[in-house]
1. Quick check: is even one residue across the range 150-165 open to solvent by 10 Å² or more (accessible area, probe 1.4 Å), away from the ligand (no atom under 11 Å from the Cβ) and in a strand (DSSP E or B)?
2. Return the pair list, or none, for Cβ contacts closer than 7 Å from residues in the range 57-69 that are among the β-branched types (Val, Ile, Thr) to residues that are in a loop (DSSP other than H, G, I, E, B), at least 6 apart or on different chains.
3. For the range 114-143, enumerate the residues that are closer than 29 Å to residue 18 by Cα and free of Cβ contacts under 8 Å to residues at least 60 places away in the same chain.
4. List the strands (runs of 3 or more DSSP E) that sit entirely inside the range 41-96 and contain at least 2 residues that are hydroxyl-bearing (Ser, Thr, Tyr) and surrounded by 17 or more Cβ atoms within 10 Å (Cβ to Cβ).
5. Name, by its number, the condition in (1) touching a strand residue (DSSP E or B) at 6+ places or on another chain (Cβ under 7 Å); (2) acidic (Asp, Glu); (3) under 27 Å from residue 195 (Cα atoms) that does not hold for residue 29.
6. Could you list, in sequence order, the residues of the range 23-40 that are away from the ligand (no atom under 16 Å from the Cβ) and either among the aliphatic types (A, V, I, L, M) or part of a helix (DSSP H, G or I) (or both)?
7. For the range 181-220, enumerate the residues that are in contact with a strand residue (DSSP E or B) (Cβ under 9 Å, 6 or more places away or on another chain), of a type in the set (A, V, I, L, M) and surrounded by fewer than 21 Cβ atoms within 10 Å (Cβ to Cβ).
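The values are calculated or read from the model by the stated rules, or taken from the named source; none is laboratory data. These figures come from a predicted structure and were not determined experimentally. Backbone-built Cβ (ideal geometry, glycine too); neighbour counts: all protein chains shown. Heavy atoms of the whole protein, side chains included, go into the accessibility calculation; ligands, DNA and RNA do not. Shrake-Rupley method; radii C 1.70, N 1.55, O 1.52, S 1.80 Å.
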Amino acid sequence: MKLIQVNNAAEGGKKAFDLVKEAMENGLETMGLATGSTPETLYQEMVSSDLDFSKLSSVNLDEYVGLSATDPQSYHMYMHEHLFAQKPFKESYIPNGKATDLSAECQRYEKILMDHPVDLQILGIGRNGHIGFNEPGTAFDTPTHVVELTESTIQANQRYFDKIEDVPTQAISMGIQSIMKSNMIILLAFGTAKAEAIKGMIEGPITEELPASVLQNHPNVIIIADSDATCEL
Ligand code: GLP
């Protein structure tokens, strides 16, 4: 794991953007994308750049179960607003949270991932060390799956919803196995709320209790974090 320390999220977004640009110069075909507040500065850099993403494919990590693609709180809508409306990709895949058969949807998504191996995966990290929506306790060999969100994740994500009852309790997420297949991973983390998870991920044992710790086993991970997120190292 390589750690790049930055002063703030704006600088982190710029650093991540430089790495994306470099990967594109080296033949990047498929980018794995994340949602949440963390990758926003990277997406701002991508939007304001003169780069053309229309020859790239993208696959997103996850989507809430029960939200349609047009729901303002859905990750489909997040991606549209933060990136795709301004910078369309050749093709963009996100799990369908409204699928009537969720296990068939997971299989469909795994097939998409097989057809579009991820060259560069962008990740954020949950306060409890989750990546994608892979909560503590998720087996490392899990492919795309339906997740029961933990109380702490529901509370953390409540800020995007009017009331806590509106926060979906399930999601479809790429599994840890799917994430680990990416050639290169950039994990972004900003703020003290992430400090404990960052410490566990970098210094702690590799354990399913802290899903991001599995990244210690990956040969090409770059962590871009600010001083708040690294304050416990
Ligand atoms: C959600 C997403 C994750 C994201 C995490 C942290 O749970 N599924 O992909 O990394 O939130 O979100 P934020 O970046 O807003 O702190």
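1. The answer is no; no qualifying residue exists.
2. 59/116; 59/118; 65/97; 65/168
3. 114, 115, listed by residue number.
4. Ranges flagged: 57-60, 91-93.
5. Against the list (1) touching a strand residue (DSSP E or B) at 6+ places or on another chain (Cβ under 7 Å); (2) acidic (Asp, Glu); (3) under 27 Å from residue 195 (Cα atoms), residue 29 comes up short only on (3).
6. Scanning the range 23-40 gives 23, 24, 25, 28.
7. Residues satisfying the conditions are 184, 195, 202.
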